[in-house]
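Visitor: Just dropping this structure here.
The values are calculated or read from the model by the stated rules, or taken from the named source; none is laboratory data. The structure presented is a predicted model; accordingly, all values stated were derived computationally and were not measured. Because the Cβ atoms are built from the backbone with ideal geometry, glycine has one as well, and the counts that use them run over all protein chains shown.
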């Protein structure tokens, strides 16, 4: 499997979940599942032996940083963590110049920043694969982990219904772009003033191909009959001044026992973390029997190992 996938992935960027076809996503997930089982057996791989990965983090991180560092270590490579204070980025050196320089030192780059445009500018200038570790527009690596979690729980992705309830943010955008590619229907419920960007919704609907892509203000409509229920924090980094307003507006969108009673009896709950119990989700849900958030968090490691092994 690795050899055939590598021909399709090698030296490509991963800036958006829409960069990969449904077939490529499913292939990557299958490879990630193999790596996950191999790790449980104590097997090691050297797909990235002699390779180095620059990790530019302009935003704090737990799961993204740790999972990428451990992924490179497990694959025999080396990860170099660079925060905003370690670089001249934005302090006299352009993003493009940074990309050109790093291309002569390392074999790949992960960047976690605010603006999607910065990731795209870096990738355009660099001659090495660039991976979007998170922007305010998309979080594609997280969605790969979500898909692997769903696949291993349900045995399939095609034909399922995913409900996203909450803020129309980067997680919402990547789910909208990703679900139709793998044959999943997606229903998004947000307050009207916090809806996903119309451009993203239009792209998702264009890619629907037999799946349903629905954006509504009604969380019950979204969750009704859902196989998967997903939410995210109401207040992201940089939005602290809006916290009180957001909490009031989003309260009807809390994932709680009453809301999930409309989902299928065997639904699963996902959250990218960190979570605020009592806000976007109640403790009974995130800590309950339907929650797979810890498996989802672990799967960040496995999908990123697959991604690095294929791209680098």
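Visitor: Considering only residues of region 144-158 that are farther than 23 Å from residue 170 by Cα and in contact with a strand residue (DSSP E or B) (Cβ under 8 Å, 6 or more places away or on another chain), which is surrounded by the fewest Cβ atoms within 10 Å (Cβ to Cβ)? Spell out how you get there, then give the answer.
Guide: Step one: of region 144-158, the residues farther than 23 Å from residue 170 by Cα are 152-156.
Now narrow it down to the ones that are in contact with a strand residue (DSSP E or B) (Cβ under 8 Å, 6 or more places away or on another chain): 153-154.
Values: 153: 17, 154: 14.
Only one residue fits best here, namely 154.
Visitor: Let me spell it out: the conditions are (1) surrounded by 15 or more Cβ atoms within 10 Å (Cβ to Cβ); (2) touching a strand residue (DSSP E or B) at 6+ places or on another chain (Cβ under 8 Å), and residue 38 meets all of them except one. Which number is the exception?
Guide: In the conditions (1) surrounded by 15 or more Cβ atoms within 10 Å (Cβ to Cβ); (2) touching a strand residue (DSSP E or B) at 6+ places or on another chain (Cβ under 8 Å), residue 38 misses (2) alone.
Visitor: If you check 81, 105, which single one turns out to be over 21 Å from the mean Cα position of the chain (by Cα) and either closer than 22 Å to residue 309 by Cα or part of a helix (DSSP H, G or I) (or both)? Don't jump to the end; show me each part of the working.
Guide: Details: 81 fails: over 21 Å from the mean Cα position of the chain (by Cα).
Of 81, 105, the one residue that is over 21 Å from the mean Cα position of the chain (by Cα) and either closer than 22 Å to residue 309 by Cα or part of a helix (DSSP H, G or I) (or both) is 105.
Visitor: Going by the conditions given, is residue 157 assigned by TED's automatic domain parsing to the domain that holds residue 251, farther than 22 Å from residue 280 by Cβ, assigned to a loop (DSSP other than H, G, I, E, B) and in contact (Cβ under 8 Å) with a residue 40 or more places away in the chain? Outline the logic, then answer.
Guide: Working: assigned by TED's automatic domain parsing to the domain that holds residue 251: yes; farther than 22 Å from residue 280 by Cβ: yes; assigned to a loop (DSSP other than H, G, I, E, B): yes; in contact (Cβ under 8 Å) with a residue 40 or more places away in the chain: yes.
The answer is yes for residue 157.
Visitor: Hey, another quick one. Would you mind stating whether residue 268 is within 23 Å of residue 144 (Cβ to Cβ) and modelled with pLDDT of 95 or more?
Guide: yes
Visitor: Please state which of the following conditions residue 71 fails to meet, knowing it meets all the rest: (1) surrounded by 17 or more Cβ atoms within 10 Å (Cβ to Cβ); (2) without any contact (Cβ under 8 Å) to a residue 40 or more places away in the chain; (3) closer than 28 Å to residue 181 by Cα.
Guide: For residue 71, the exception is condition (2).
Visitor: With respect to residue 76, determine if the residue is more than 16 Å from the chain's Cα centre (by Cα), closer than 29 Å to residue 35 by Cβ and either in contact (Cβ under 8 Å) with a residue 24 or more places away in the chain or surrounded by fewer than 24 Cβ atoms within 10 Å (Cβ to Cβ) (or both).
Guide: On the way: more than 16 Å from the chain's Cα centre (by Cα): yes; closer than 29 Å to residue 35 by Cβ: yes; either in contact (Cβ under 8 Å) with a residue 24 or more places away in the chain or surrounded by fewer than 24 Cβ atoms within 10 Å (Cβ to Cβ) (or both): yes.
Yes; evaluated as a whole, the condition is true for this residue.
Visitor: Related question: Given the structure, is residue 260 under 30 Å from residue 33 (Cα atoms), over 21 Å from the mean Cα position of the chain (by Cα) and either surrounded by fewer than 23 Cβ atoms within 10 Å (Cβ to Cβ) or without any contact (Cβ under 8 Å) to a residue 40 or more places away in the chain (or both)?
Guide: Values: under 30 Å from residue 33 (Cα atoms): yes; over 21 Å from the mean Cα position of the chain (by Cα): yes; either surrounded by fewer than 23 Cβ atoms within 10 Å (Cβ to Cβ) or without any contact (Cβ under 8 Å) to a residue 40 or more places away in the chain (or both): yes.
It is true that residue 260 is under 30 Å from residue 33 (Cα atoms), over 21 Å from the mean Cα position of the chain (by Cα) and either surrounded by fewer than 23 Cβ atoms within 10 Å (Cβ to Cβ) or without any contact (Cβ under 8 Å) to a residue 40 or more places away in the chain (or both).
Visitor: Of all the strands (runs of 3 or more DSSP E) wholly in region 165-281, which have at least 3 residues that are within 20 Å of residue 142 (Cα to Cα)?
Guide: It comes to 185-189, 228-231, 268-271.
Visitor: Still on this structure: How many residues are touching a strand residue (DSSP E or B) at 6+ places or on another chain (Cβ under 7 Å) and either at positive phi or at pLDDT below 95 (or both) if we restrict to region 170-224?
Guide: 0
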